[in-house]
Amino acid sequence: MGLIERIFGSIFGNGRNVIVETAQVFRENAEGAAVRQADIKQQSMRQFASEFAVQRHGGFNRFMDALNRLPRPLLAFGTIGLFVVAMADPVWFSTRMQGISLVPDPLWWLMGAIVSFYFGARHQAHSQDFQRSIAQTLARVPTVVENTRALRALRADTPQVAQSAPSADLTLGALAPTDNPALVDWQSSQR
């Protein structure tokens, strides 16, 4: 036992681990890397906190902060609103989209650059696809208008939707007896 203790003592003794120390030569210590990353993040957060530590007073600063918070919710709710309006009044929506289809491409590119710059996203490379999809949507407007008219004609409050005049086929169908197996079984059980 003395020999084995001396071998293990020389490798692992005095709080050392020769195997771990040797492995760290070839591979980074994950725990040490995590500690270094945490230190870097803490230093970055301290720097950011010091930038925002300045108290801004005054109505103009508060107004500008509020104004900077508006575009995202306005764009999000505006887009949802467009879907609601498209379903509620398709003709009104299609008329507005017809006007949008007249906007020239360079203006769409400028709008895309402004929006992408504001949100920090990439430049809108697919604005031409957007124009094409608007054109396809507008090409469907006559069909939508005709379908809307047909659906309005089917409303319950539209006069003469349900024909109340007697129909000879329906009257004869109701008066002519037909075989009803369930009725025949019931009648036979009643006798």
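The values are calculated or read from the model by the stated rules, or taken from the named source; none is laboratory data. Note that the coordinates shown come from a computational prediction; the quantities given were computed from them, not determined experimentally. Here the Cβ positions follow ideal geometry from the backbone for every residue, glycine too, while neighbour counts run over all protein chains shown.
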- Task: Kindly list the number of the only condition in (1) modelled with pLDDT under 80; (2) in a helix (DSSP H, G or I) that fails for ALA53.
- Result: (2)
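Out of curiosity, is ALA135 assigned by TED's automatic domain parsing to the domain that holds ARG149, under 30 Å from LEU151 (Cβ atoms) and either modelled with pLDDT under 85 or among the hydrophobic types (A, V, I, L, M, F, W, C) (or both)?
In short, yes.
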- Query: Consider ARG36 against the criteria (1) among the basic types (Lys, Arg); (2) part of a helix (DSSP H, G or I); (3) modelled with pLDDT under 75: it satisfies all of them except one. Which criterion is unmet?
  - Reply: (3)
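Rundown of residues vs (1) over 30 Å from VAL144 (Cα atoms); (2) in contact (Cβ under 8 Å) with a residue 12 or more places away in the chain; (3) not assigned by TED's automatic domain parsing to the domain that holds ALA139, yes/no style:
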site	(1), (2), (3)
PHE60	yes, no, yes
ARG69	yes, no, yes
LEU74	no, no, yes
PHE77	no, no, yes
VAL84	no, no, yes
GLN98	no, yes, no
SER101	no, yes, no
